[in-house]
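Written below as structure tokens is the structure these notes are about.
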2 protein chains.
Amino acid sequence: MKALILLVLVSAAYGQVPEPCRTPSVWESRVGIQDSMRGFYVRAKLSYDRYNMRIRRIEEVDETREKEYFDVLYLHNTMPGKEYRYNLKTKQCETRMLNTSFRRFEIPEDARPFGEFTIGTKGQPGEGVDVTMWGGRTPDGGEFVGVFTLAGCVPVSDRYFRNESSFDNTDFYDVTLGISNASVFIPPHECMP
Amino acid sequence: MKALILLVLVSAAYGQVPEPCRTPSVWESRVGIQDSMRGFYVRAKLSYDRYNMRIRRIEEVDETREKEYFDVLYLHNTMPGKEYRYNLKTKQCETRMLNTSFRRFEIPEDARPFGEFTIGTKGQPGEGVDVTMWGGRTPDGGEFVGVFTLAGCVPVSDRYFRNESSFDNTDFYDVTLGISNASVFIPPHECMP
């Protein structure tokens, strides 16, 4: 009987260790990015395809600011990876080799659970959403903190620190599953030789 | 009749200009802060009292990192304002004069509406919360982007850029209205002369 109680208690304790949830693999989202390299807040449309390691990010041009905005396609499914960076102001395209690996917007298996929280308030329906927060180290020596909805494991925010002075903060809004138009992963024609 | 239709159309168009919502004035929250000065992500408990212009921020010590953590009380209801900064590692307190004004976590009247979004996904109940985003300039020449729940106008995130290299990103979780213990605005006894 004592052994049974112990077993039940141990199981209960194990049950409290949260398991990383599985984020959707293919989705589109509006994003807000605080890019430390450029030093301002950018809003963009993001298309994410984990299977083929492709990301397209089309930034919204804010005419009230004297800044440069880009439409960028990252293809990590070639060797080496390729980046097509189309300047929406100058209408020039720059093609680069990618020397970074594809960063997945998901919870790595070795991530530490930081707990469950509510964005907004609990209680009133429609005034909050429950989320789970995870943090850890990235393979390139950086650090990250990721937040995902508890139901559905939809990305909410991603804090990624390459080092103390270089980091990206991304907030995700209006996530929709799947890709609405597959041609989003074809490079802009201005980028083709 | 034509005038009436025009009037209805104009009213409808005006009706679409969103009004800034009124955030609660006194609340507590868990926060995640990306502090560009210190270069890492801090989790803390925040107590906010707009009426008396007081903020207390007690940081969570992460024993796995060699960083300094603080318990800070900002009192803007004195002239000049005062900051009590208690170092949770060294157990030393530093008292400073505040030369900045009290920054309200709310939507200024001259803010620009950036639209309404869903954090998470629409459709499934519990998988998302509707939010409203606003941006603009702060009186000290900085820029901000603030996100609030559509229902209840609860703070969700605050991006505040003093300048291109100095900014705070704050995310709010588990917001509860009111202050659970009023003594939170009394300076720690280590800070008293």
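The values are calculated or read from the model by the stated rules, or taken from the named source; none is laboratory data. Everything numeric here is computed off the predicted structure, so don't read it as measured data. All Cβ positions, even for glycine, are placed from backbone atoms using ideal geometry, and neighbour counts span all protein chains on display. Heavy atoms of the whole protein, side chains included, go into the accessibility calculation; ligands, DNA and RNA do not. Shrake-Rupley method; radii C 1.70, N 1.55, O 1.52, S 1.80 Å.
List of remarks:
- Check on A:Arg104, more than 13 Å from every other protein chain (Cβ to nearest Cβ), open to solvent by 80 Å² or more (accessible area, probe 1.4 Å), part of a strand (DSSP E or B) and not aliphatic (A, V, I, L, M): no
- Which numbered condition B:Tyr84 fails, given (1) surrounded by fewer than 19 Cβ atoms within 10 Å (Cβ to Cβ); (2) farther than 29 Å from A:Tyr41 by Cα: (1)
- Only one of B:Glu94, B:Glu116 that is within 13 Å of chain A (Cβ to nearest Cβ), surrounded by fewer than 16 Cβ atoms within 10 Å (Cβ to Cβ) and in contact with a strand residue (DSSP E or B) (Cβ under 6 Å, 6 or more places away or on another chain): B:Glu116
- Failed item in (1) closer than 22 Å to A:Gly135 by Cα; (2) surrounded by fewer than 19 Cβ atoms within 10 Å (Cβ to Cβ), with B:Asp110 passing the rest: (1)
- Complete set of residues in region A:151-162 that are touching a Phe, Trp or Tyr at 6+ places or on another chain (Cβ under 8 Å) and within 8 Å of chain B (Cβ to nearest Cβ): A:Val154, A:Val156, A:Ser157, A:Arg159, A:Phe161
- Count of region A:121-136 residues, restricted to those that are part of a strand (DSSP E or B) and either over 15 Å from the mean Cα position of the chain (by Cα) or within 8 Å of chain B (Cβ to nearest Cβ) (or both), is 6.
- Qualifying residue in region A:32-47 (condition: closer than 26 Å to A:Pro113 by Cβ, surrounded by 14 or more Cβ atoms within 10 Å (Cβ to Cβ) and aliphatic (A, V, I, L, M)): yes
- Going through (1) part of a strand (DSSP E or B); (2) hydrophobic (A, V, I, L, M, F, W, C); (3) modelled with pLDDT of 95 or more one by one, A:Val184 falls short only on (1).
Conditions (1) open to solvent by 10 Å² or more (accessible area, probe 1.4 Å); (2) of a type outside the set (Phe, Trp, Tyr), marked per residue:
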{"site": "B:Val129", "(1), (2)": "no, yes"}
{"site": "B:Gly141", "(1), (2)": "yes, yes"}
{"site": "B:Gly146", "(1), (2)": "no, yes"}
{"site": "B:Val154", "(1), (2)": "no, yes"}
{"site": "B:Phe185", "(1), (2)": "yes, no"}
{"site": "B:Met192", "(1), (2)": "yes, yes"}
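- Evaluation of B:Lys89 against (1) at pLDDT 90 or above; (2) of a type in the set (Lys, Arg); (3) assigned to a strand (DSSP E or B) (one fails), failing number: (3)
- Subset of region A:163-184 [under 17 Å from the mean Cα position of the chain (by Cα) and either small (Gly, Ala, Ser) or more than 9 Å from chain B (Cβ to nearest Cβ) (or both)]: A:Ser166, A:Asp168, A:Thr170, A:Gly178, A:Ile179
- Yes/no for B:Phe148 being within 11 Å of chain A (Cβ to nearest Cβ) and under 19 Å from B:Phe102 (Cα atoms): no
- Restricting B:Asn99, B:Asn77 to residues that are farther than 27 Å from A:Arg38 by Cβ, at pLDDT below 90 and away from chain A (no Cβ under 14 Å) narrows the list to B:Asn99.
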